[in-house]
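One structure is given below, encoded as structure tokens.
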Amino acid sequence: MKSKKDPKGYWRANIKYVLILLAIWFTVSYGAGIIFKDELNTIKIGGFKLGFWFAQQGSMYVFVILIFVYVKLMNNLDKKFGYDE
């Protein structure tokens, strides 16, 4: 654990987390919903094609999950750099 606050290191790690999570969201929403749609449409869930589901609902669910992941990562980062409550 760091004893001294390092604002540059903190923001570098924060931006790294944001870029990684946005890349995951982009991959899921653009990749699964558009690029790999035809391959995913061969699989059906609840009567709907999987590619259609990702385009309509899946990327939103992944986004909400990524929000919770970001909160967890930032809580850990705050503790590591001494910015926690």
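The values are calculated or read from the model by the stated rules, or taken from the named source; none is laboratory data. Since the model is a prediction, treat every value here as computed from it, not as a measurement. Every residue, glycine as well, gets a Cβ built from its backbone with ideal geometry; the counts of neighbours run over all protein chains shown. Heavy atoms of the whole protein, side chains included, go into the accessibility calculation; ligands, DNA and RNA do not. Shrake-Rupley method; radii C 1.70, N 1.55, O 1.52, S 1.80 Å.
Restricting the chymotrypsin sites (Phe, Trp or Tyr not before Pro) of the stretch 13-85 to loop positions (DSSP other than H, G, I, E, B) with no more than 15 neighbouring Cβ atoms within 10 Å leaves Phe36, Tyr83.
For Asn41, the residues 5 or more places off, or on other chains, whose built amide H falls under 5 Å of its own are Gly51.
Heavy-atom accessible area, probed at 1.4 angstrom with all protein chains present, ranks Asp84, Asp6 as Asp84, Asp6, highest first. Averaged over its residues, the chain has an accessible area of 76 Å² per residue, based on protein heavy atoms and a 1.4 Å probe. Which angle between 0 and 90 degrees, to the nearest 10, do you get for helix 59-81 versus the longest principal axis of the chain when only C-alpha atoms count? Roughly 10 degrees between the two axes. Within the accessible surface of the stretch 11-85, defined with a 1.4 Å probe on protein heavy atoms only, the carbon and sulfur portion equals 69 percent. Alpha-carbon geometry of the chain: the Rg and the Dmax are 17.6, 55 Å, given in that order. Taking a threshold of 23 Å on the Cα-Cα distance, which of the pairs Lys16/Lys72; Lys44/Lys72; Lys16/Lys49 fall above it? The answer is Lys44/Lys72; Lys16/Lys49. The largest accessible area among Leu22, Leu77 belongs to the first residue in Leu22, Leu77, and the rest follow in falling order (1.4 Å probe, all chains).
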